[in-house]
């Protein structure tokens, strides 16, 4: 029988106060389920039992896990900061999956995920999947989770340990990812991303999210938005996306690629971006709003071309947006023979209505627009 506390209180943890106003009554700790939390003992089974208790979790300790823990249902995990609340990923299959699909009231509180103030530490190389995956394995209109993730960090144990992905949101409805530090070095599509947002269900998922104040250094994508794979048809997250005040250092800092994101608005504002191949890669997003960002080319790119931004429509859909106040600097990326500030391309039948006012430094081509992305389109309505 697990003893429950009515009024938890833990103070002085990196300046955080964890009290009854933050964690509801009836919380549990991993130690109540037999976890040792010394960083060496295998706590996988006991930690899984705790996280699946249906109770709010006060995560205090250093927990070593050797396989992926799957949590079914709503989940609230509150730690005390990275120095006192740690989950070590000890094998290539370790990680944390929270599966809300088919549980509770659709779009209700029973589908809420709350993760705060702890760190996941990859201990070995090439850990499969993302360190944290929040998913809904249910049909559209059924249970799709909302989430608040704050100060959840993924920091490797050493320079040879890493996980393929940081935080992944699959078929989620509304969520915020704030103030997370994510470090990794693996690369390819959504699994090679510090933060990935993707849809795997038919016709996409209505999705509105905010990604703010994060620090992401990942080899391939900083933030990936799109279908689970390029061949997944119309499985696209559709809605309104806000990416604000993030620090991103990646080959592709913001990678928003889609089969069909008609009616979707992407806001990228006040971010500091260090990029190799492309700072902001935005394909078939109908309303791009990209303002007041600083983009600096790094030396990660091994190809002959680098781009500050690529904005394109390949499906004949019209684009309306504002791309202003951005500064694109190629001073560190001059090993590339072709340095394009902003490349834009539209397909046959696309109407192009984008306002520009940006600056570039050391670009071989500050701006280019092509109407032959897949045919001849309309390039009207833009200025530079």
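The values are calculated or read from the model by the stated rules, or taken from the named source; none is laboratory data. Computed from a predicted model, the values in this text were never measured in an experiment. Positions of Cβ are backbone-derived with ideal geometry, glycine not excepted, and every protein chain shown enters the neighbour counts.
Pairs linking a residue in the stretch 131-149 that is not assigned by TED's automatic domain parsing to the domain that holds residue 64 to a residue that is modelled with pLDDT under 60 and outside any loop (DSSP other than H, G, I, E, B), with Cβ atoms under 6 Å and 6 or more positions apart or on different chains, do not occur.
The single condition from (1) assigned to a loop (DSSP other than H, G, I, E, B); (2) modelled with pLDDT of 85 or more; (3) touching a strand residue (DSSP E or B) at 6+ places or on another chain (Cβ under 8 Å) that residue 83 fails is (3). Looking at 59, 89, 51 in this structure, which one is over 18 Å from residue 26 (Cα atoms), assigned by TED's automatic domain parsing to the domain that holds residue 133, within 24 Å of the chain's Cα centre (by Cα) and in contact (Cβ under 8 Å) with a residue 12 or more places away in the chain? Exactly one of 59, 89, 51 is over 18 Å from residue 26 (Cα atoms), assigned by TED's automatic domain parsing to the domain that holds residue 133, within 24 Å of the chain's Cα centre (by Cα) and in contact (Cβ under 8 Å) with a residue 12 or more places away in the chain, namely 89. How many of the residues making up the stretch 267-280 are farther than 17 Å from residue 356 by Cβ and surrounded by fewer than 24 Cβ atoms within 10 Å (Cβ to Cβ)? Total meeting the criteria: 5. Within the stretch 32-43, the set of residues being touching a strand residue (DSSP E or B) at 6+ places or on another chain (Cβ under 7 Å) and surrounded by fewer than 19 Cβ atoms within 10 Å (Cβ to Cβ) comprises 38, 39, 40, 41, 42.
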